[in-house]
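Trainee: My structure is below; once you've seen it, I'll send some questions.
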Amino acid sequence: MRIVNILKLIFGFSSLFILICFRFNYIPDIFIDQSIEMEEKIGIYGDLYYLCRVDIFKTKLDSFVKENKINYNNTNIEDAETLIFGDSFFDDRRGIQNIPELLSDSLNRKIFYRNEAFPLSIISEKYNSNKKEKILIYEATERRVSNDFNKQHTYSANNYQNVANVLKFIEPYDIENKYQFLLSRSVISSRLYSNLTNLKFSLFGLISDLTPVYLETQPWLFYFQEVNGKNTSFYYQHTQLEIDNIANNIQSLSLNLKEKNNIDFIFVMIPNKYTLYHNILNNDTYNNFIPRLQNELKKRTVSYIDIYELFKKSKEILYYPTDTHFNKKGKVLVFYALKKRLLEIENNKLTH
C-alpha cells in the first residue's frame, strides 16, 4: 500500500508539473535533451524537421549568424527613422543578418524593430511625438493575416487578444502539440520518440500532424497551417466579406498611424511556402488570398509591397524545403524590395 501511495504522489506531482509547464509555455532546461536544444540554437536543421523528427527530412541548412551592433531593446522609438513590426521571417538570422539589421546597415539609419503583431499599443506607450514623420513597415506571413486583422487594432491593449490569451491559458487549443513537444524534447523520452516516429513513417507513412504534407524524394515539408481547412490555408475559400473586413482593418491601422502619429504605413505580406511551391506535389488551385487582399488594399490606397509577385517571378527556390522560412535568396529579395521603397520615399521628399 505504501508503494502505491508513493506512486500516486509521483504521478500526481508529475501531472501537476506538466500542467504548469503547458500553461506557462516553459520547461526547465534540466528536463530538456540538451543535444536537441543545441542543434536548434545553432540552427543545424530546419524547424519543420524538429516538428516531425523523421530522419529522411534531416537536412542541414545555413547556420544562424550573430546579432550585429543593433540592440533593438535599447533603441528609442522617438529617435528611430523607421519602425518595423514583424514576425520570425524578419527576425530570422539564418545564413545572413536579419532584415532590420540589413536595412539599418545599408541605409545607415536607426531602426526600431519588434517581433510583434499589434503595434499601436507599443506606439501609445513609447511614442508621443507626432512632429517628425516616420515610416512603419508591418510584415506578416500569409497564414497570420486573417487572424491578426479580423478586428481593428487599437491603441489600448487589445482586449479581444487578452481574452483569447486567458481562454488559451485555461484550455490550450494546441494541447496535443504541447504534449508532442514535451515527448520529443524530454531527456527521458526524446530518443524513444525519434525512433518511434521513424518507424511509423517507414512502415506506414505516418507523420506528425504538424507537417502533414511532404515530399520524400527531395525532401520537402509543409506546415499544417498552410494546408488545413482553416483560414490560414491555401485551400480556404475566403468570402468577399472576409476579404473586405481584413482590408478595412488594415486601412484603419494605416489611417490611425498617419492621423495620430504622423507615421506612414507600408504593409508587407510574406507568402506561405505552400502557396509558392505546392506544384511540386499537385496542381491544386490557389485561393488567391494575397492577390485578392492586395487588390482591396489598392482600392483603399493602403501602401504595400507585393512580395508574392516578386517571388513568383524568381526562378530560384526561395524557401528552405524543411523549414518554414525563406532562405538567404528570399531574404535578400525582400531586403532589396524594402530598401528600394524606402529610398523612393526619401527621394520623393527631397524633390518636393
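The values are calculated or read from the model by the stated rules, or taken from the named source; none is laboratory data. Only a predicted model underlies this, so the values are computations on that prediction, with no experimental measurement involved. Counting neighbours? That spans all protein chains shown, and the Cβs are built from the backbone with ideal geometry, glycine included. For the accessible areas, the whole protein counts, side chains as well, though only heavy atoms, and no ligand, DNA or RNA atoms are used. Shrake-Rupley method; radii C 1.70, N 1.55, O 1.52, S 1.80 Å.
Trainee: Part of a loop (DSSP other than H, G, I, E, B), surrounded by fewer than 19 Cβ atoms within 10 Å (Cβ to Cβ) and modelled with pLDDT under 95, is that true of Glu67?
Mentor: For Glu67, the condition - part of a loop (DSSP other than H, G, I, E, B), surrounded by fewer than 19 Cβ atoms within 10 Å (Cβ to Cβ) and modelled with pLDDT under 95 - is met.
Per-residue answers, yes or no, for (1) farther than 30 Å from Glu296 by Cα; (2) crowded, with 19+ Cβ neighbours inside 10 Å; (3) touching a strand residue (DSSP E or B) at 6+ places or on another chain (Cβ under 7 Å); (4) not basic (Lys, Arg):
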| residue | (1), (2), (3), (4) |
| --- | --- |
| Thr197 | yes, yes, no, yes |
| Leu206 | yes, no, no, yes |
| Trp220 | yes, yes, yes, yes |
| Asn231 | no, no, no, yes |
| Tyr235 | no, no, no, yes |
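Trainee: If you take the residues of the range 82-127 that are open to solvent by 40 Å² or more (accessible area, probe 1.4 Å) and part of a helix (DSSP H, G or I), which of them is nearest to Asp47 (Cα to Cα)?
Mentor: Ser88
Trainee: Here's something else I'd like to know. From (1) over 30 Å from Ile84 (Cβ atoms); (2) at pLDDT 95 or above; (3) out of contact with any Pro (no Cβ under 9 Å at 6 or more places or on another chain), pick out the condition that doesn't hold for Asp209.
Mentor: With respect to (1) over 30 Å from Ile84 (Cβ atoms); (2) at pLDDT 95 or above; (3) out of contact with any Pro (no Cβ under 9 Å at 6 or more places or on another chain), Asp209 is out only on (2).
Residues are listed down the side, and each one gets a yes or a no for (1) under 23 Å from Phe326 (Cα atoms); (2) more than 17 Å from the chain's Cα centre (by Cα); (3) assigned to a loop (DSSP other than H, G, I, E, B); (4) not β-branched (Val, Ile, Thr):
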residue	(1), (2), (3), (4)
Thr211	yes, no, yes, no
Lys230	yes, no, yes, yes
Ser233	yes, no, yes, yes
Gln251	no, yes, no, yes
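Trainee: Cβ contacts < 8 Å: first residue within 18 Å of Glu346 (Cα to Cα), restricted to the range 106-122; second residue crowded, with 16+ Cβ neighbours inside 10 Å and among the acidic types (Asp, Glu), any location; separation 6+ or different chain. Result?
Mentor: Partner pairs satisfying both residue conditions: Arg109/Glu81; Lys110/Glu81; Ile111/Glu81; Ile111/Glu101.
Trainee: Further question on the same structure: State whether the residues of the range 273-289 include one that is within 28 Å of Leu343 (Cα to Cα), surrounded by 21 or more Cβ atoms within 10 Å (Cβ to Cβ) and in contact (Cβ under 8 Å) with a residue 60 or more places away in the chain.
Mentor: Taking every residue of the range 273-289 in turn, none turns out to be within 28 Å of Leu343 (Cα to Cα), surrounded by 21 or more Cβ atoms within 10 Å (Cβ to Cβ) and in contact (Cβ under 8 Å) with a residue 60 or more places away in the chain.
Trainee: Looking at (1) part of a loop (DSSP other than H, G, I, E, B); (2) of a type in the set (Lys, Arg); (3) touching a residue at least 40 places away in the same chain (Cβ under 8 Å), which is the only condition Lys315 fails?
Mentor: Failed condition: (3).
Trainee: Out of curiosity, is Asn256 part of a helix (DSSP H, G or I), touching a residue at least 12 places away in the same chain (Cβ under 8 Å), among the polar types (S, T, N, Q) and open to solvent by 40 Å² or more (accessible area, probe 1.4 Å)?
Mentor: Answer is no for this residue.
Trainee: Among the residues of the range 218-228, are any modelled with pLDDT under 75 and either part of a helix (DSSP H, G or I) or more than 29 Å from Asn279 (Cα to Cα) (or both)?
Mentor: No - not one qualifying residue is present in the range 218-228.
Trainee: Check off (1) farther than 18 Å from Thr141 by Cβ; (2) modelled with pLDDT of 95 or more; (3) of a type in the set (D, E, K, R) for Lys260 and give me the number that stays unchecked.
Mentor: Going through the list (1) farther than 18 Å from Thr141 by Cβ; (2) modelled with pLDDT of 95 or more; (3) of a type in the set (D, E, K, R), Lys260 breaks only (2).
Trainee: Given the options Tyr308, Tyr277, name the one that is in a helix (DSSP H, G or I) and in contact with an Asp or Glu (Cβ under 9 Å, 6 or more places away or on another chain).
Mentor: Tyr308
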